[in-house]
Structure formats: C-alpha cells, structure tokens
Amino acid sequence: MKNEFGSPKDVRQKLIWAVLFVFIAAGSVWAVFSASKGLSLNEYRQFLATADPLYLILAFCSMFGFIFFEGLAVRALVKAFGYPVTVRQSLVYGASDIYFSAITPSATGGQPACAYFMIKNGIPLTATTVSLVMNLAMYTLSIIALAIISLVLKPSIFLYFRPLGKILIVIGFAVQIVLFDLFLLVLRKDQWVLSLGRWCIRVLSRIHLLRHPEKMQAKLEKHITEYKSFAAIIRSHIRGLGKCFLYNFLQRACQLAVTSFTYLATIATPGEARLPIAECVSRASSLFGVQSLISIGATFIPIPGAMGITDMMMLDGFGAIIDPERSAALVLLSRSISFYGCVILSLIIVIVSYIKLHKSNAGGQQA
C-alpha cells in the first residue's frame, strides 16, 4: 500500500479508470432516460425547477455526512491504538476511500488510498491494516443492520422489486454475512494470515519473482507479531468498536437519506402537492427502506456493473412508490447527489490534501 499507491504506474491506472468512470456514468444516465420512456431532458429540468431548496440543502448535507462519518469511523479505531488523528485528517481518510473505491474495479483502490494518507500521518502500517479491516467489518454490519431494520418496519418493500432484484437482495444478504464473519476471523486467527503469507512467499520464490525469501519471511513474522498485538487491542476496546459501528451506521443512513430528502424537495410538483403530509413522510421512509435493500443487492457486485444494477433496482423500487416518470427523475437527482456529487467532492478533498502533503514534505526536505 505504502510503496505502490502514488507511483507513476498507479497514477496511470487511476487516470484510465477515472476516464472510464466518466463514460460509465454518462451511460448510466442515458440508460435511466431510456428506461423511463416518459421522461425527457426538458421535463427533468422542470422537475428540478420545482424543488424546495431547503430539502436539497439537507440532501447535500447528508451526502457530506457520508464522507464525514466514514472518516470518523476510522479515527475511532486509530485512537484506540493511541495515535492522535484530527477530524480534518479523518475527513481525508473518508474522502480518499470513497473516491478511489468509486473509480476502481471492485472498489479495490479505496483502502490502499486511505492507508497511504494514514501512513503519511505517522500511523504504522500494521495499525493501519487492522483499523481498515475492522472498519470494513463494521461497515458491512451497518449495511446488514439497516436492511434488517427496514424490512422489520415495512416487510412489503421487498415485493417492490422484480424477480432479479429480489434474488440479488437475498444473495447480497448472504454475501455480506459471510464477509462479516471472514473479517472477524482474520482478526482472531492471525495464524491463518501467517500461513497464507508463507505460502505466497514460497510460490513467488519458486517462480523466481522473489530473490530473498528469508528476508521477506522475517518481515512477515514481524508484521504478524505486531498485527496480533494490534488486533488484541481492538478486541479489548469495545467502546472504540462501538463508536466505529455507530459512525458507520450514521454514514450509511446519511447516504440513504439523500433519496428521502430529494423526494421531499420535489413533492411540490403537480399531483404530489395534494398528498397529505403524513403520506409524503410515509413515502419518504419507504424510499429510505428501498435504498437500504438496494445497498444489500448491489454492494457485492463489482464496479462498474454495480452502477447499472443500482439504477435498475432504484427504478423498480421507486416506481412502486411514486409514478414511473417521477421515479426516473428522482433516481437521476438522488444519484447525482449521493453518488456523483459525493465522488466529485471526495476528489476535491483528496487533491487539496495531496497538494498540501507534498508541499509540507518539500518544505521539510529543504529545511
């Protein structure tokens, strides 16, 4: 993570995926317009013109909360190890994870990017690794918890999806539960990590890709010793784990709430304005629940495929709550804020932080 992230090769790969991401995003928007049939660009502009600014501001605040609470979750774990981390630094951790997860296949670039900034802030590699693994476990648990709560409060939302969507949700539940169990096993069974590392070293040595396996073996055992001690600290800090889960729960809730706020922002359109307030609130909560199930159904699918699956499931779920034309417009608006807007804001935070980091390093070298 430390040596590869930010290298010329890594930068080229990230640029390629960033460009590809733009084309995929454009294709996703075009697909929503095509699938809706009744929605035109002019109608979408009218839809936006009627939106209530107050609820749109709340939607953007929720989008920022997704980045903010991601950083606080990592910060809670790192502080359990005794390393001071400011809120500003944690914001960079959250933004880097979110942005690079969005533009890389299967979200593989998020954690290395986050680890890069953590290591640059003086947090040891082993503490960084354990923190990110445990944070991913709490993130997975929060997705499961929100989906279960939504189903308990309103079981009928599962029926809003077509058969493919229902299958994806069921598979998603199974995958997330398995992943959560694996994360816990990795932290508890350090010998598994050691055995896997030794096997990789042997394979690389046999195919002549590793010249000094004995040195790598010594480094591995050293890191595993540290890994074991840090994992033990994490397990003993129940309060830190509780905070991490709470922040992950709030992070996911913020992202899901974007759709509810964008719906409430647009209820002034003809037809919806005549609905009682209680009905509007009920629909907004149903949209929140639908989004939680979409998160389960699409999270395990690698990017960029997850983007198309998410849009498809959103059209299904939203269309069961509001009319199809407005549901397509709501999909575009909520996705523009919760995903595309979030990615752009995260990129800005990462670029500013990266420039500041290099300037401080350059100043230190001159001194």
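Rundown of residues vs (1) out of contact with any Gly (no Cβ under 8 Å at 6 or more places or on another chain); (2) surrounded by fewer than 13 Cβ atoms within 10 Å (Cβ to Cβ); (3) assigned to a helix (DSSP H, G or I), yes/no style:
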| position | (1), (2), (3) |
| --- | --- |
| THR129 | yes, no, yes |
| LEU132 | yes, no, yes |
| LEU136 | yes, no, yes |
| LEU146 | yes, no, yes |
| GLY165 | no, no, yes |
| VAL178 | yes, yes, yes |
| ASP181 | yes, yes, yes |
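Of all residues in the stretch 60-91, those being within 19 Å of ALA232 (Cα to Cα) and either crowded, with 24+ Cβ neighbours inside 10 Å or modelled with pLDDT of 95 or more (or both) number 6. Scanning the stretch 109-127 for residues that are touching a helix residue (DSSP H, G or I) at 6+ places or on another chain (Cβ under 8 Å) and either among the aromatic types (Phe, Trp, Tyr) or not in a helix (DSSP H, G or I) (or both), which turns out farthest from VAL92 (Cα to Cα)? Among them, the one singled out is PRO124. Taking each residue of the stretch 212-223 that is surrounded by 11 or more Cβ atoms within 10 Å (Cβ to Cβ) and looking for partners that are part of a loop (DSSP other than H, G, I, E, B) and modelled with pLDDT under 80 with beta-carbon atoms closer than 8 Å, six or more apart or interchain, yields MET216/LEU210. Put simply, of SER327, SER338 the only residue that is modelled with pLDDT of 85 or more and buried (at least 16 other Cβ atoms within 10 Å of the Cβ) is SER338.
Evaluate the stretch 118-127: report whether one residue or more is over 15 Å from PHE249 (Cβ atoms), buried (at least 23 other Cβ atoms within 10 Å of the Cβ) and modelled with pLDDT under 90.
Taking the stretch 118-127 as the starting set, the residues that turn out to be over 15 Å from PHE249 (Cβ atoms) are 118-127.
Going one step further and asking which of them are buried (at least 23 other Cβ atoms within 10 Å of the Cβ), we end up with 118, 127.
This time we only want the ones that are modelled with pLDDT under 90, so: 127.
Checked the stretch 118-127: at least one residue is over 15 Å from PHE249 (Cβ atoms), buried (at least 23 other Cβ atoms within 10 Å of the Cβ) and modelled with pLDDT under 90.
In the stretch 190-209, the condition of being among the hydrophobic types (A, V, I, L, M, F, W, C), within 15 Å of GLN291 (Cα to Cα) and either surrounded by fewer than 17 Cβ atoms within 10 Å (Cβ to Cβ) or in contact with a Gly (Cβ under 9 Å, 6 or more places away or on another chain) (or both) is met by no residue.
The values are calculated or read from the model by the stated rules, or taken from the named source; none is laboratory data. Predicted model, so just to flag it, every value in this text is computed and none were measured. We place every Cβ from the backbone using ideal geometry, glycine too, and count neighbours over all the protein chains shown.
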